[in-house]
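To start, the structure itself, in structure tokens.
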Amino acid sequence: MSFYTKYLRNTLFLYFLFLLTSCEEPFTPEVLERPNNFLVVSGFINSNGPTAIKLSRTQNLSEEGGPAMETRATVTVAEENGPTYLLRETAAGTYTSGRLPIQNSKRYRLVIKAGGKDYASDYVEVKQTPVIDKISWQAESDGLQFMVTTHDDQNNTRFYRWEYEETWEYRAYYYSEYEYVNGEMQYRRPENDIYLCWQNNSSKNILINNTVKLSQDVVSNYPLLKLPANSDKLANKYSLLVKQYAQSKESYEYWDALKKNTENIGTLFDPLPTQLTGNITCLTDPAEPVIGFINISSVEEKRIFVNKSELPTGWRPPSMHCTIDTVAVKDLKEHFSSGFNIPVSMIYSDMGAFLGYSGASSTCADCRVYGTKTKPDFWQ
Amino acid sequence: MTQLYRKAFLLAVSLLCCLLHSHAQTRAEQLITLDLKDASFEKFAQEIETKTTYRFYYDPTTVDSLLVSMQVTQKPLKEIMEQALAGTELKFAITPQGAVLITQGKEFMANLPENFFNREKTTASGTTSPAGTSTTTPYMAGGNSKKKAVSEAKLYVIGVKRDNASGNANLAGHLRDAKTGEPVIGASVYIQSPLLATTTDQYGYYSLTLPVGEHELIIRAIGIKNSKRRIALYSNGKLDIEVEEDVRSLKEVLVEAEKDRNVAGMQMGMERLDMRAIKQVPTAFGETDILRVVLTLPGVKSVGEGSTGMNVRGGSTDQNLILFNDATVYNPSHLFGFFSAFNPDIVKSVELHKSNIPARYGGRLSSVLEVITRDGNKKKFGASGGIGLLTSRLTLEGPIIKDKTSFIIAGRSTYSDWLLKKLPKESFSKSSASFYDLNAQVNHEINSENTLYFSGYLSKDKFQLGSDSLYNFTNHNASVKWKHIFHNKLYSVLTGAYSHYGYGVNSEKNPVNAANLTFDMKQANLQADFNYFLNSKHTLDFGASSILYNISPGSLTPVGGESLVMPDILQREKALESALYVSDQFDISPRLSVYVGLRYSIFNALGPREVYTYAPNVPKTESTILDTVSYGGGKALATYQGPEYRFSARFGLTDHSSVKMSFNRMRQYIHMLSNTASMSPTDTWKLSDANVKPQVGDQIALGYYQNFRANTIELSVEGYYKKMKDFLDYRNGANIILNHHIETDVANAEGKAYGVEVMLKKLTGKLNGWVSYTYSRTLVRLNNTQVSEVINKGEFYPSNVDKPHDFTLISNYRFSQRFSSSFNFTYSTGRPITLPIAKYQDGNATRIFYSDRNEYRVPDYYRVDFALNIEGNHKVQKLAHSSWTLAVYNLTGRKNPYSVYFRTEEGKVKGYKLSIFGQPIPTITYNFKF
């Protein structure tokens, strides 16, 4: 290939690249400052375990901080033509109960009295969640893909929603052998060990799938999440807990619309956002929007573990920018008393003379900066 | 060629003349007996030729209106001839050789007029021809049955002059380009006193009823030299006119429609764009784009950049009838709408009707966009094309039988696919996008009364974004037209057309879910149109049409053995849409004319099909299905019908200003289903049926038109009010694809639209172009609880295309014959959007709550484009003509939002705007023609 044609070709590539890149940029309209204070109901009625319903209020988009929780409300689960069960506020805005005596053949609704107004959901049928067949994972070229497989022999479920919780072992970059206590440098006591911690995270995206178009009610290897190959979650040992909820068709549609509105957008062929209509209405003022959809189902869970040894050998988390400082004995107080720096080990000269201690910042030596030292009950 | 024949004939005549005197009286007179009643002159001549040795020489057109009735026994020829030609302008001479020469007007001349052979030359070069003979001496044409009028200086005599001639006679014929033989469309053909005018139709045909006598026929049209023909009309006759292309105006004229059509024409809300105008508007990828230019016209909007879906006067994108050589095109775009489906090299003109839609058209609520392709060159072979950064084009054309049959073939393809594959970034290299289209057309002139047109079109698009689904869509169109001229005043066009549109989405990533999703629709039309120029006051159009639809609304089929996908095939939809129409354009006086039309359409949704019946007076949902009714093949399961009124009137206030008004009713039986704002390939079409009613729209429009400075500046102001009933809007969360009961996801909405459009055009001069401003609103309401949930509390809300203010400037400046530049500016109010108004915590994530539908707007849109055209030299005779176009699209690099959206990322609500052409895009295109 002559220099000229090569040059021309490269120019064309650049041209095309130029057309296709840098299309998206942040945008914040100014018109969105109108006050709003709508009731938000989240959670579901659990037919085989404890139920938790969270009540909060909407905020303006620009508002900083978390939303206001709706406290001192009355929340009950009512059986159609039957008894009602009261939920108790166990934390601000969170109303819980133990396992409710829910019968699969009956219909139930949620009734709320909050801010002087009455709210109620539609009566909802109870969905039985089938067991999760397996949670599998596959190392792909660019990361670790987790998938869920499940099925319903009765072909009854059809609509599925998942949530997950991930937990992983986290080790500090340096192992701290010493601790600086009350102006004294001493060997770190085992109960003060800050090398090994656990971090956790829960799903934020809406994970739903349906099998309406399949001849059998089978979900095969539905992709739940993908961790990048260099994720620090995979540095040691990783665990994923998947919770599966059977959905009614209406509930599925609500989640689907919510997903479309808030996640699946940004392409050229976007659907228009739709105003969500949940199944909760304000009885006092029917025009007032209420956000949320109440579904009743059982929950199925499954947990798996992935060890680093099972992963491709080339996978490595990016190394942290950690440096070690040498601290002379006279400087120990100045250096370590704030707790910002953590002593690591003793330093000796080549001749064996004691020089002082090495130290590193807490982000490099204290695993508690990112995680918790409490070992989860389920950890193997 | 005809010139040569003429000269040879005249030469022969003059030679004979020389012999006349020297050999006089050399043969005995033959006596003739005849008994003729109302015989044509041809018959008369034949009769004599069989009985004697005399031979007749004449131009058939000079005698075509002469009828001979006589009863003679044993009379000499001279006496018979005198009797036959009595009272006409015809003269005769009998040579000693037995040749009978019939001439018109003056006595037979023994010698050619002085300067005879030079005359052609002097008139062509534009100097005044010598007074005298050239304009007063009639000119005898050769053996052709029709005249081809080429010269401005000659007097063309039509019919036979009789002394007592008076009243009116009709003149008809075709107007053609002298160089290529292509018909000239939309040209004004008129005389000035009294002002009698007509416009050539899409075949270049005109028919004009004029008072008998001499006239100066004036011809004005886009891209041809303004010219005139001297005629002497004595009886009904034909005159084909060949006119010269205006080479000088190659890049000068922007929109030069019939110069005073704005004021004098009957049409309102109609725009005709010539290819020349279209070519000057810069586009994003450097390629001339028809739809992109149509979008700059007042009243025509699009949802966003990169989408060719048109919204005309507040209508939705499916309310436009797009005809490509009379075949319906369902998806007029390529490559996500960045290119329009029409190859610019083959298109001759584009006509958009947006308010007064002729009765001939029906089936869509908002507009008719007619794209007409060029005829192939009837005289010589040629090729043209262009090389751009993303596409290349090639067109071949030429005669098959010279002056009778021609062909034109055009192809276009893109190399974007190849480019994407070479890109280093993975998401690009796994993507692909390609398209091509092919056009072919053959015209055959059987004889002067019958012409056949064959046209075919094929386009295919394929694209894959990322590595998941592969999309493709195709358009196939074919049409056959037979134009038959019964006589001067009546002609008919019989059209058969076939259209096919289909798309497929193929997804094979997960073997368990691997499937193929397809949609496909076919349409066959048969249409007969008649055009009757009753007299100088009335022009009648009437005809009938029938369309058979056959739609496969969707099918999902598994791919591969592992796939668990259940085949899901929606029932076919069939329907027959038929219409009858009649219209009359009545020119009451030179100031006042009216157009009255009535179209009656009947729609039958046909079986075989199973139809759900729903509980009455509640919204249709799955839970309100009462029963399933099965209809057999060909059985009508629903019938809708109704009249469509078309009325318009023009009143001329002065010679340069007029007011016009129109009222229109349209009915539409086919609906597009799409829950995205722009036209995307996964949009499907749905026929009206027992559960989906047809849409009906009424529009009333009023306009004021004025021309300034000898018709070089046109001002038009048009206001309209439109009401639409039963067009489809979507319920929240509608599912459009593979829905067996789509009626549960859509709702019949009502809409209204109104606006004022102001346009100022300057047609000629170094600086030309147009400026337009539009104020318009378009509103929708869904408040019938028996149909669907109520949206926005049952109030009218702005539709997706409601952009109140719109300003467009299209300008062109010619520095010299070879350099010209174009400058465009467009501004419009941002389109409505449903914005998030609140955020809330749901589980672990922050989510957003949306406002009422379309309560807010995206930022305003504006864009500046600039282009420079460089022509090769203007030698008429050279191997190839070439030109370069350098253009910059979006000169200021404004990041106009294509869409604005909010996304929950890592639990936080973030707003984004997506702009497609967010920086200046330079392009260069090379065009050639030889």
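Mind checking which aspartates and glutamates have their Cα closer than 13 Å to the Cα of residue B:723? Skip sequence neighbours fewer than 8 apart in that chain.
Cross-link targets: B:698, B:750.
Which of the lysines could a cross-linker bridge to residue B:228, judged by Cα under 20 Å and excluding same-chain residues fewer than eight apart?
Filter leaves B:121, B:146, B:147, B:148, B:154, B:179, B:238, B:259.
All other residues with a Cβ under 12 Å from the Cβ of residue B:532 taken together, and with Lys, Arg as +1 and Asp, Glu as -1, what is their net charge?
Details: positive: B:489; negative: B:529, B:541, B:584.
Residues near residue B:532 contribute -2 overall.
How much of the pair distance distribution for the range B:146-245 lies past 21 Å, counting alpha-carbon pairs only, in percent?
25 percent
Given the rule -39500 (n - 2.57) for each run of at least 4 DSSP H residues, summed and divided by the residues of chain A, what is its mean residue ellipticity at 222 nm, to the nearest 500 deg cm²/dmol?
-3000 deg cm²/dmol
Taking N as the number of residues in the range B:520-599, what value does Rg over Cα atoms divided by 2.2 N^0.38 Å take?
Numbers: Rg = 23.4 Å, N = 80, 2.2 N^0.38 = 11.6 Å.
So the Cα radius of gyration is 2.01 times the expected 2.2 N^0.38 Å.
Which shape class, rounded, prolate or oblate, goes with chain A when its Cα gyration tensor gives a ≥ b ≥ c as root eigenvalues, a/c under 1.5 marks rounded, and past that a/b bigger than b/c marks prolate?
Values: a/c = 1.88, a/b = 1.43, b/c = 1.31.
Judged from the Cα gyration tensor, chain A comes out prolate (a/c at least 1.5, a/b above b/c).
Could you rank B:219, A:102 by how accessible they are, 1.4 Å probe, largest area first?
Details: B:219 0, A:102 25 Å².
Final ranking, largest accessible area leading: A:102, B:219.
At a probe radius of 1.4 Å, what is the per-residue accessible area of residue B:240, in Å² to the nearest 10?
Counting only protein heavy atoms, residue B:240 exposes about 10 Å² to solvent.
Taking just the alpha-carbon atoms of the range B:609-730, what radius of gyration and Dmax come out, in angstrom?
When restricted to the Cα atoms of the range B:609-730, Rg and Dmax are 22.0, 69 Å.
Would you mind checking which residues have amide H under 5 Å from residue B:348's amide H? H placed 1.01 Å from N; only 5 or more apart, or other chain.
Excluding prolines and chain starts, which carry no amide H, the hits are B:372, B:373, B:374.
With a 1.4 Å probe, how much accessible area is buried between chains B and A, both sides summed, in Å² to the nearest hundred?
On the way: alone 39280 and 22820 Å², together 55490 Å².
About 6600 Å² of accessible surface is lost on pairing.
If you add up the charges near residue B:393, with Lys and Arg at +1 and Asp and Glu at -1, over every other residue whose beta carbon is less than 9 angstrom from its beta carbon, what do you get?
Summing Lys and Arg as +1 and Asp and Glu as -1 gives -1.
Which order, highest average first, do B:357-365, A:66-74 follow once you tally other Cβ atoms within 10 Å for each residue and take the mean per peptide?
Listed from highest to lowest mean packing, they are B:357-365, A:66-74.
Efficiency by 1/(1 + (r/R0)^6): what FRET value for residue A:25 and residue B:70, r their Cβ-Cβ distance, R0 = 60 Å, to the nearest 0.05?
E(calc), rounded to 0.05, equals 0.05.
Past the 27 Å Cα-Cα mark, which pairs from B:522/B:635; B:225/B:481; A:204/B:509; A:249/B:686?
Too far apart for the 27 Å limit: B:225/B:481.
Which of the trypsin sites (Lys or Arg not before Pro) found in the range B:763-859 are in a DSSP loop and have at most 16 neighbouring Cβ atoms, other than their own, within 10 Å?
Working: sites: B:766, B:777, B:781, B:793, B:814, B:818, B:839, B:847, B:853, B:857; in loops: B:766, B:818, B:853.
Hits after loop and neighbour filter: B:766, B:818.
Within 10 Å of each Cβ in B:828-840, how many Cβ atoms from other chains are there, averaged over the peptide?
Per-residue shielding by partner chains comes out at 5.
In terms of the Cα gyration tensor, with a ≥ b ≥ c the square roots of its eigenvalues, is the range A:151-267 rounded because a/c is under 1.5, prolate because a/b exceeds b/c, or oblate?
On the way: a/c = 3.52, a/b = 2.91, b/c = 1.21.
Verdict is prolate for the range A:151-267.
With all protein chains present, calculate the accessible area of residue A:285 using a 1.4 Å probe and round the result to the nearest 10 Å².
Rounded to the nearest 10, the figure is 60 Å².
Within a Cβ distance under 14 Å of residue A:120, other residues only, what is the Lys/Arg minus Asp/Glu net charge?
Charge balance near residue A:120 sits at -2.
Leaving ligands and nucleic acids out of the surface, order B:656, B:484, B:174 by accessible area at 1.4 Å, largest first.
B:656, B:484, B:174
The values are calculated or read from the model by the stated rules, or taken from the named source; none is laboratory data. Here the structure is a predicted model, which means the values were calculated and not measured. Every residue, glycine as well, gets a Cβ built from its backbone with ideal geometry; the counts of neighbours run over all protein chains shown. Accessible surface areas use protein heavy atoms only, side chains included; no ligands, DNA or RNA. Shrake-Rupley method; radii C 1.70, N 1.55, O 1.52, S 1.80 Å.
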